[in-house]
Every structure is written in structure tokens, then in C-alpha cells.
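Read the structure below first, then the notes.
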Amino acid sequence: MKQKSHSLILALAVSLLIQSSPSFSKDRTITGSIRGFECGDNCYLTIVDRKKAEQVGLCAAPECQSWNEQTAMPSRYKGKRVTVTVGQGQQVDDSGNVMGEMMAFKKIKFLD
């Protein structure tokens, strides 16, 4: 019986961790206009939100793939209104070592 109760407690703890994990919560979005795109070891998209605050995140959306490969965003996207889905992403150095985590834009929906 002791084995069963330990397993149940472990299962409940894992369930609670999964439910409280940000990756399993409702996706947060930001709506605004694209201000810029810059690459170094990572590529970052800057969006000016509705409150005129700059929001900078790793450009991790499928729409960013070609921009990241070319380390440039086509100029026609500057100023475009977008809604981005926000998550966490890993910053890596040029050797591929993880340096930390920061906000990442996981999806981009173009509004214009």
C-alpha cells in the first residue's frame, strides 16, 4: 500500500507542475507594429505595443526562419501591424551553448 500512495503522490505532484508550467498556460499575445529586426548570435524582433513600449524577443516563429537564415528581415515588414504569441526561448552563443532564457515570439500573425 505504501508503494501505491507514493506513486499517487508523485503523479499528483507531476500533474500540478505541468498545470502550473508557463508552457501549458494560455498563450500570451502582444499586438503592435514591427520596429526592427537584428541578429548577432541570435535574432531579435522589436515590436512597439499598443502602449508605445518596445517589446524585444527572440524571433522564433516559423515566419522568422528565412529572416534568421539571412540575418535580415525584408524591409516591407517594418511598420507592419502584428499580433505575436509570446513564450520563452533560449539564447545561445555562436558555439551553440545556452546562455540564458528570454522572451521569444513563437508565432506572428500579420494584421495589415
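The values are calculated or read from the model by the stated rules, or taken from the named source; none is laboratory data. All values reported here derive from a predicted model rather than from experimental measurement. When we count neighbours, we look across all protein chains shown, and the Cβ atoms used for this are built from the backbone with ideal geometry, even at glycine. Areas reflect the complete protein model, heavy atoms only, side chains present, ligands, DNA and RNA absent. Shrake-Rupley method; radii C 1.70, N 1.55, O 1.52, S 1.80 Å.
A few remarks follow.
- The fraction of accessible area contributed by carbon and sulfur in the stretch 49-112 is 45 percent, rounded to a whole number (1.4 Å probe; ligands and nucleic acids excluded).
- Charge tally for GLN91 (other residues, Cβ to Cβ under 11 Å; Lys, Arg +1; Asp, Glu -1): -3.
- Summed side-chain charge close to GLY40 - residues other than GLY40 whose Cβ falls under 14 Å, Lys, Arg +1, Asp, Glu -1: -4
- If R0 equals 30 Å, the separation of the Cβ atoms of ASN97 and ARG28 corresponds to a calculated FRET efficiency of about 0.60.
- Applying the Kirkwood pairwise sum to the alpha-carbon positions of the stretch 25-112 produces a hydrodynamic radius of 13.0 angstrom.
- Net charge in the neighbourhood of ASN68 (other residues with Cβ under 12 Å of its Cβ; Lys, Arg +1, Asp, Glu -1) is -4.
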